[in-house]
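Undergrad: Let me give you the structure first, and then I'll get to my questions.
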Amino acid sequence: MLWRLALSSMRSRGLTVVLTALAIALSVALVLGVEKLRLGAKISFADTISDTDLIMGARTGGVQLLLYAVFRIGAVPNTISWDSYQQIAARPDVNWIVPISLGDSHRQFRVMGTTPAFFDRYKYRSGRDLTLRDGAVMSDLFEAVIGADVAETLGYQIGDPIVVAHGVASFVQHEDTPFRITGILDKTGTPVDRTVIVGLEAIEAIHVDWQDGAQRPGTPTPPETLRQMELQPKAITAALIGVQSRLQIFTLQRAINEYPSEPLMAIIPGVALQELWGIIGIAETALLAVSVIVVVTALLGMAAMMLAGLSARRREMAILRALGAGPGTIMGLLLAEALFIAAIGAVLGIGLLYAGLVVAQPWLDVAYGIFVPISGLTPRDLLTVLAVLVAAALVCLIPAWRAFRISLADGMSVRN
Amino acid sequence: MAPPVTIRDLRFDWPGGRFGLDVPAFDLPSGAKMMLTGASGAGKSTLLALICGIVQPQAGRVDVAGQPMSGLPPRARDRLRADQIGIIFQQFNLLPYATALDNICLPLRFSPRRRAQVSNPRDDALSLTQALGLPDDLVLRAKSTDLSVGQQQRVAVARALLGAPPLIVADEPTSALDVDAQAEFLDLLFAQVTQMGASLLMVSHDPALAPRFDIVQPLAKIAMPRRGAA
Ligand SMILES: Nc1ncnc2c1ncn2[C@@H]1O[C@H](COP(=O)(O)OP(=O)(O)OP(=O)(O)O)[C@@H](O)[C@H]1O
Ligand SMILES: [Mg+2]
């Protein structure tokens, strides 16, 4: 009966209660949503590159190698000589190897020289292949395949010419050797989207007339001549490697790290990605902190609502006291009310979360390459909800305690 | 049977110390209807709060139905009040969001003893309200706020009487009513109290009501107020 009355009491304050529950619902949805997004981002991030066992580069930091070889961020500190590359490639434990040559750019996008094998070997999101939205993989020396973001940002179509700039963020252009776009890749949510891919020889070809970062004076070598030339690169930037058997990963890694004639290193992508995530994870913590603050705000709002309501409910409390309710009962009623509102808010919030996920999932995938799986609540989520309820009870100890004091101090008649 | 109320050597101060009350001795005889009179601010409501165990004296004792209201732990005090005393306020007796019936049955929730006295709360409540002249429809369905002040007071009487507590305490229950309604209200209240064999302790300013009571007790005769910085 007391519960029924408590419910009617809440119903009589319906609008306030509903708004309070709604605030809590939004905050709960936000916290859980941020958590789901964080997990999705983490998984998508860890899946930036998959099925590649090792990434080889000149000796530097593991994260740095990952950054330039996979994310194409930052400067390339050093190269791998073609000789070393071929020696490694010839090892029996190497199943496949794809060379990568970086250093040039087109507008804000990096240009990557590689072999056609790249399109077979590069996988993301647990083994997905790169697919062409349009056109075909390059077959001529001066052909290029571009990522989805490159095409979208610059409005490129199949057949459009593009000019590669020497270096990164440079105005010196390889104008005499323009490329033609033959293929546009589907969106992947990986750095491939922001890459212009050309043949490994093409990188060599556009540098034939260059020396020490400057164009050699005189007439440039015409493309026809270039096509006839032996364009074997002298060096590459990095290589993706697949081993024969997973057991050989560490042996091969050690062999590369201890390669005698040149300082090289090899990293396991998953490990390096995790390390990198650890660094950018600070942002994730900040996001979480903000959503926690939103929850606290909503709960404080509820406490304030109850506190403000107390003076109007003094009569109610005095009546209950006179009928035999102890101050503890009155305090308990207020706490129960707080918990009830918080619980309604939490349930609403979970509903909001899933509604939001259903709506936002495809969009997040397309726009940001973050795949947020719509899965049940994790134990951690449930713990979060529980924490919200406990926090609600704690915060509402303030009005409840005040009600306790009032019901003791008021005596028989309500005084104002 | 133990007298419904006895007070001995009571000393009480409100927190803040601006008003206090000394009651050397006070007895309400069993079955008596007593009218407590006194000027506004004399401490009548304070005395009722002490008897009902809603506030605690600093010294002395208050016994209700032979049990030491002032000596019990808080929980037991609340229970004693729920069991033994039906309380009627001056006005605003009812929870506004509940029906009259819910209001009437609420004390049973706090007092198993009173709950045991009624066979069927709803029927007992309705027979009380019928005796008090309230239409069933009003009791069952109307929100308390839709009742007139006189009707609300009668619902409060029904609530105080349900489960037959031996003591009814009323703090100026008629002062919000006009003269005709006052007389009618008192007739009904007295009839019910008499029928149940309860004792009645009622505060009133109105000397015209005095002849109806067995005892008229001016507060000044039994209590010494203390005012100012104590
Ligand atoms: N809850 C309270 N806290 C502190 N002081 C109180 C409280 N209730 C009453 N008092 C003080 O006790 C004194 C007596 O008040 P009380 O309500 O007992 O008078 P009363 O005789 O019932 O007056 P009235 O006829 O106006 O109802 C007043 O001075 C009042 O300030
Ligand atoms: Mg009074």
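Undergrad: Kindly indicate whether any position in the range A:389-402 is within 16 Å of ligand 1 (Cβ to nearest atom) and not hydrophobic (A, V, I, L, M, F, W, C).
TA: Filtering the range A:389-402 down to residues within 16 Å of ligand 1 (Cβ to nearest atom) leaves A:402.
If we keep only those that are not hydrophobic (A, V, I, L, M, F, W, C) as well, we get A:402.
Scanning the range A:389-402 turns up at least one residue that is within 16 Å of ligand 1 (Cβ to nearest atom) and not hydrophobic (A, V, I, L, M, F, W, C).
Undergrad: Test residue B:82 against the criterion of being facing chain A (nearest Cβ under 9 Å), in a helix (DSSP H, G or I) and within 16 Å of ligand 2 (Cβ to nearest atom), and give yes or no.
TA: Details: facing chain A (nearest Cβ under 9 Å): yes; in a helix (DSSP H, G or I): yes; within 16 Å of ligand 2 (Cβ to nearest atom): no.
Considered against the rule, which asks whether it is facing chain A (nearest Cβ under 9 Å), in a helix (DSSP H, G or I) and within 16 Å of ligand 2 (Cβ to nearest atom), residue B:82 comes out as no.
Undergrad: So is residue B:42 open to solvent by less than 50 Å² (accessible area, probe 1.4 Å), within 14 Å of chain A (Cβ to nearest Cβ) and within 15 Å of ligand 1 (Cβ to nearest atom) or not? So that I can check it myself, show each step before the final result.
TA: On the way: open to solvent by less than 50 Å² (accessible area, probe 1.4 Å): yes; within 14 Å of chain A (Cβ to nearest Cβ): yes; within 15 Å of ligand 1 (Cβ to nearest atom): yes.
Yes: the conditions hold for residue B:42.
Undergrad: Report, by residue number, each residue of the range B:151-176 that is within 16 Å of ligand 1 (Cβ to nearest atom) and more than 14 Å from chain A (Cβ to nearest Cβ).
TA: B:174
Undergrad: Out of (1) away from ligand 1 (no atom under 16 Å from the Cβ); (2) in contact with a helix residue (DSSP H, G or I) (Cβ under 7 Å, 6 or more places away or on another chain), the odd one out for residue B:8 is which?
TA: (2)
Undergrad: Can you find even one residue in the range A:306-319 that is within 14 Å of chain B (Cβ to nearest Cβ), more than 46 Å from the chain's Cα centre (by Cα) and open to solvent by less than 10 Å² (accessible area, probe 1.4 Å)?
TA: Within the range A:306-319, one or more residues are within 14 Å of chain B (Cβ to nearest Cβ), more than 46 Å from the chain's Cα centre (by Cα) and open to solvent by less than 10 Å² (accessible area, probe 1.4 Å).
Undergrad: Filter the range A:41-57 down to the residues that are surrounded by fewer than 20 Cβ atoms within 10 Å (Cβ to Cβ) and not polar (S, T, N, Q), then identify the one that is farthest from the chain's Cα centre (by Cα). Don't jump to the end; show me each part of the working.
TA: Taking the range A:41-57 and keeping what is surrounded by fewer than 20 Cβ atoms within 10 Å (Cβ to Cβ), we get A:42-43, A:45-46, A:50-51.
When the remaining residues are screened for being not polar (S, T, N, Q), the result is A:42-43, A:45-46, A:51.
Numbers: A:42: 5, A:43: 8, A:45: 5, A:46: 9, A:51: 19 Å.
Here the answer is A:51.
Undergrad: Considering only residues that are open to solvent by less than 30 Å² (accessible area, probe 1.4 Å) and farther than 11 Å from residue A:54 by Cβ, look in the range A:265-287 and name the one that is modelled with the lowest pLDDT.
TA: A:281
Undergrad: Conditions: (1) of a type in the set (S, T, N, Q); (2) more than 19 Å from residue A:188 (Cβ to Cβ); (3) touching a Ser or Thr at 6+ places or on another chain (Cβ under 6 Å). Residue A:126 meets all but one. Number of the miss?
TA: (2)
Undergrad: Please list, ordered by residue number, the helices (runs of 4 or more DSSP H) wholly in the range A:1-85 having 1 or more residues that are within 14 Å of chain B (Cβ to nearest Cβ). I'd like the intermediate steps shown before the answer.
TA: Details: elements: A:2-12, A:14-46, A:62-69.
It comes to A:2-12, A:14-46.
Undergrad: Exactly one of these conditions fails for residue A:292: (1) touching a helix residue (DSSP H, G or I) at 6+ places or on another chain (Cβ under 6 Å); (2) more than 14 Å from chain B (Cβ to nearest Cβ). Give me its number.
TA: (1)
Undergrad: Under 9 Å between Cβ atoms, which residue pairs at least 6 apart in sequence (or on different chains) link something in the range A:275-295 that is without any contact (Cβ under 8 Å) to a residue 12 or more places away in the chain with a partner that is among the aromatic types (Phe, Trp, Tyr)?
TA: Pairs that qualify, where the first residue is without any contact (Cβ under 8 Å) to a residue 12 or more places away in the chain and the partner is among the aromatic types (Phe, Trp, Tyr), are A:280/A:45.
Undergrad: Right, residue B:104: in contact with a strand residue (DSSP E or B) (Cβ under 6 Å, 6 or more places away or on another chain) and either within 15 Å of residue B:188 (Cβ to Cβ) or not in a loop (DSSP other than H, G, I, E, B) (or both) or not? Before you say what the answer is, go through the steps one by one.
TA: Values: in contact with a strand residue (DSSP E or B) (Cβ under 6 Å, 6 or more places away or on another chain): no; either within 15 Å of residue B:188 (Cβ to Cβ) or not in a loop (DSSP other than H, G, I, E, B) (or both): yes.
Criteria not met by residue B:104.
Undergrad: While we're on this one: Run residue B:49 past the list (1) touching a residue at least 40 places away in the same chain (Cβ under 8 Å); (2) outside any loop (DSSP other than H, G, I, E, B) and report the number of the one that doesn't hold.
TA: Failed condition: (1).
Undergrad: Please pick out the residue among A:359, A:372 that is more than 16 Å from ligand 1 (Cβ to nearest atom) and open to solvent by 50 Å² or more (accessible area, probe 1.4 Å).
TA: Working: A:372 fails: open to solvent by 50 Å² or more (accessible area, probe 1.4 Å).
One residue alone meets the criteria, A:359.
Undergrad: Across the range B:18-31, which residue is nearest to residue B:215 (Cα to Cα) among those that are open to solvent by 10 Å² or more (accessible area, probe 1.4 Å) and more than 9 Å from ligand 1 (Cβ to nearest atom)? So that I can check it myself, show each step before the final result.
TA: Within the range B:18-31, the first condition is being open to solvent by 10 Å² or more (accessible area, probe 1.4 Å), and the residues that meet it are B:18-19, B:22, B:24-25, B:27, B:29-31.
Then drop every residue that is not more than 9 Å from ligand 1 (Cβ to nearest atom), which leaves B:22, B:24-25, B:27, B:29-31.
On the way: B:22: 21, B:24: 19, B:25: 16, B:27: 11, B:29: 10, B:30: 12, B:31: 11 Å.
In this case the residue turns out to be B:29.
Undergrad: Out of all the residues in the range B:190-202, is one or more in contact (Cβ under 8 Å) with a residue 40 or more places away in the chain, within 14 Å of chain A (Cβ to nearest Cβ) and either open to solvent by less than 30 Å² (accessible area, probe 1.4 Å) or within 18 Å of the chain's Cα centre (by Cα) (or both)?
TA: Checked the range B:190-202: at least one residue is in contact (Cβ under 8 Å) with a residue 40 or more places away in the chain, within 14 Å of chain A (Cβ to nearest Cβ) and either open to solvent by less than 30 Å² (accessible area, probe 1.4 Å) or within 18 Å of the chain's Cα centre (by Cα) (or both).
Undergrad: May I pose another question? Against the definition (open to solvent by 10 Å² or more (accessible area, probe 1.4 Å), in contact with a strand residue (DSSP E or B) (Cβ under 6 Å, 6 or more places away or on another chain) and assigned to a helix (DSSP H, G or I)), how does residue B:181 come out, yes or no?
TA: Working: open to solvent by 10 Å² or more (accessible area, probe 1.4 Å): yes; in contact with a strand residue (DSSP E or B) (Cβ under 6 Å, 6 or more places away or on another chain): no; assigned to a helix (DSSP H, G or I): yes.
Here the answer is no, as residue B:181 does not meet what is asked.
Undergrad: Filter the range B:207-221 for residues that are within 19 Å of the chain's Cα centre (by Cα) and either away from ligand 2 (no atom under 16 Å from the Cβ) or not polar (S, T, N, Q) (or both) and give the result.
TA: Initially, the range B:207-221 is screened for residues within 19 Å of the chain's Cα centre (by Cα), giving B:209-210, B:212-219.
Of everything in the range B:207-221, those that are within 19 Å of the chain's Cα centre (by Cα) and either away from ligand 2 (no atom under 16 Å from the Cβ) or not polar (S, T, N, Q) (or both) turn out to be B:209, B:210, B:212, B:213, B:214, B:215, B:216, B:218, B:219.
Undergrad: Something else: What is the number of the single condition among (1) at pLDDT below 90; (2) assigned to a helix (DSSP H, G or I) that residue B:176 does not meet?
TA: It is condition (2) that residue B:176 fails.
Undergrad: Residues being part of a helix (DSSP H, G or I) and over 21 Å from the mean Cα position of the chain (by Cα): count how many of those fall in the range B:112-129. Give the derivation first.
TA: Our first condition is that a residue be part of a helix (DSSP H, G or I); within the range B:112-129, this holds for B:112-117, B:121-129.
Those left that are additionally over 21 Å from the mean Cα position of the chain (by Cα): B:122-123.
Selection size over the range B:112-129: 2.
Undergrad: Here's a follow-up. With more than 7 Å from chain A (Cβ to nearest Cβ) and either touching a Phe, Trp or Tyr at 6+ places or on another chain (Cβ under 9 Å) or modelled with pLDDT under 90 (or both) as the only criterion, which of B:100, B:76, B:59 stands out? Break it down into steps so the answer makes sense when it comes.
TA: On the way: B:100 fails: either touching a Phe, Trp or Tyr at 6+ places or on another chain (Cβ under 9 Å) or modelled with pLDDT under 90 (or both); B:76 fails: either touching a Phe, Trp or Tyr at 6+ places or on another chain (Cβ under 9 Å) or modelled with pLDDT under 90 (or both).
Answer to the check: B:59.
The values are calculated or read from the model by the stated rules, or taken from the named source; none is laboratory data. None of these values were measured; they are calculated from a predicted model. Positions of Cβ are backbone-derived with ideal geometry, glycine not excepted, and every protein chain shown enters the neighbour counts. Each accessible area value is taken on the protein alone, full model and side chains, heavy atoms only, with ligands, DNA and RNA left out. Shrake-Rupley method; radii C 1.70, N 1.55, O 1.52, S 1.80 Å.
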